[in-house]
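For reference, the structure discussed in these notes is given below.
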Amino acid sequence: MLSNFIDTYYVRPIIEGTGYNPVNTVTYALILLAALFLILKVFRKMELDLDRTLWINLVPWVVLGGVMRALEDKAVFSFLGTMRYLFVTPLIYLTLFAVVFASLLILKKLKKSNNHLGYLGLIILAFSLLPVALKAERVIALAIILLISFGVFFSTWALLFKFKRKVFSEFMNCSPIFAHILDASSTFVAISVVGGYVEQHIVPRLIMENLHPAFFILFKVILVSLAIYFVDREVEGNWSWMLKFAILVVGLGPGVRNSLTILMGT
């Protein structure tokens, strides 16, 4: 029956935290593409400039999503009952989008700069990091994640720049690459250094099972670099901005979540 199908492939993976399966992975990918199309239409109607400034103002909200997800892993939102699932992937994306969209509407009505959106995001982010700091246990593990992430990122950036790929010198092009390096590095540290963790996504899980977890970092670097390069060259206008920001979100959110989950010993 349809209800059993939905319960098995969509509801229970969220409630039980069992991760992703082929059905919900494909579904979420299709929903993401449809959402990008709708969001782009809404942004056009709001006459938003999809530029570097808006990108920077939205980044704190993306980081906030990862922080909130990590706090949910730590059961900080358990007092909310079933409402706590609003902070579980993929529902957390809807939760944050609703807040950001409402904030943009208010700012537009008040004729305020979108920079206020960034300030608001930073303020909420700062408060959300307080319980993370209080629950910090594995500081060294976090330091290793950051060391690997920045080391790999700057090595990648230097290599790409050496081959005159100046496209990667732009913030909106290199930040998604760093986001996915952070995601891959946190996964590597969780499985190979800390131990006791498993990969929930299908493709990364296959890589982990058949190759050393370190190869996942290389895989991410190559895949995301090629994706950014392709989008920058072949896609124009607002769609280019939107696709690259989507790549940033699906890397930075999980990367922050993984890193802080490890930090808090969840």
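The values are calculated or read from the model by the stated rules, or taken from the named source; none is laboratory data. Worth saying up front: this structure is predicted, and the values here are computed from it rather than measured. For neighbour counting, all protein chains shown are included, and Cβ atoms are generated from backbone atoms with ideal geometry for every residue, glycine included.
So that you can scan it fast, the table gives a plain yes or no per residue for (1) in contact with a Pro (Cβ under 8 Å, 6 or more places away or on another chain); (2) in the same structural domain as residue 217 (by TED's automatic domain parsing); (3) of a type in the set (S, T, N, Q); (4) farther than 30 Å from residue 45 by Cα:
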| position | (1), (2), (3), (4) |
| --- | --- |
| 123 | no, no, no, no |
| 146 | no, yes, no, yes |
| 150 | no, yes, no, yes |
| 155 | no, yes, yes, yes |
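Name the residues in the range 165-196 that are in contact with a helix residue (DSSP H, G or I) (Cβ under 7 Å, 6 or more places away or on another chain), over 27 Å from residue 54 (Cβ atoms) and free of Cβ contacts under 8 Å to residues at least 40 places away in the same chain, would you? Result: 191, single match.
One line per residue, one yes/no per condition, for (1) among the hydroxyl-bearing types (Ser, Thr, Tyr); (2) touching a strand residue (DSSP E or B) at 6+ places or on another chain (Cβ under 7 Å); (3) assigned to a loop (DSSP other than H, G, I, E, B); (4) surrounded by 13 or more Cβ atoms within 10 Å (Cβ to Cβ):
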site: 136; (1), (2), (3), (4): no, no, yes, yes
site: 149; (1), (2), (3), (4): yes, no, no, yes
site: 158; (1), (2), (3), (4): no, no, no, no
site: 178; (1), (2), (3), (4): no, no, no, yes
site: 229; (1), (2), (3), (4): yes, no, no, yes
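When the test is whether a residue is in a helix (DSSP H, G or I) and more than 17 Å from the chain's Cα centre (by Cα), residue 120 passes it.
Taking the conditions (1) more than 18 Å from the chain's Cα centre (by Cα); (2) touching a residue at least 60 places away in the same chain (Cβ under 8 Å) in turn, residue 249 satisfies each one other than (1). Looking at residue 75, is it at pLDDT below 90 and either outside any helix (DSSP H, G or I) or of a type in the set (Gly, Ala, Ser) (or both)? Yes, satisfied. Scanning the range 224-246 for residues that are without any contact (Cβ under 8 Å) to a residue 60 or more places away in the chain and in contact with a helix residue (DSSP H, G or I) (Cβ under 8 Å, 6 or more places away or on another chain) returns 224, 227, 231, 235, 240. Output yes when any residue across the range 210-221 is under 15 Å from the mean Cα position of the chain (by Cα), at pLDDT 90 or above, among the hydrophobic types (A, V, I, L, M, F, W, C) and surrounded by 19 or more Cβ atoms within 10 Å (Cβ to Cβ), and no when none is. No, the range 210-221 has no match at all.
In this structure, does residue 70 turn out to be modelled with pLDDT under 90 and part of a helix (DSSP H, G or I)? The answer is no for residue 70. Taken over the range 36-67, the residue count meeting the criterion of being assigned to a helix (DSSP H, G or I) and modelled with pLDDT under 90 is 10.
Of everything in the range 89-104 that is aromatic (Phe, Trp, Tyr) and either within 19 Å of residue 70 (Cα to Cα) or modelled with pLDDT of 90 or more (or both), the residue that is surrounded by the fewest Cβ atoms within 10 Å (Cβ to Cβ) is 97.
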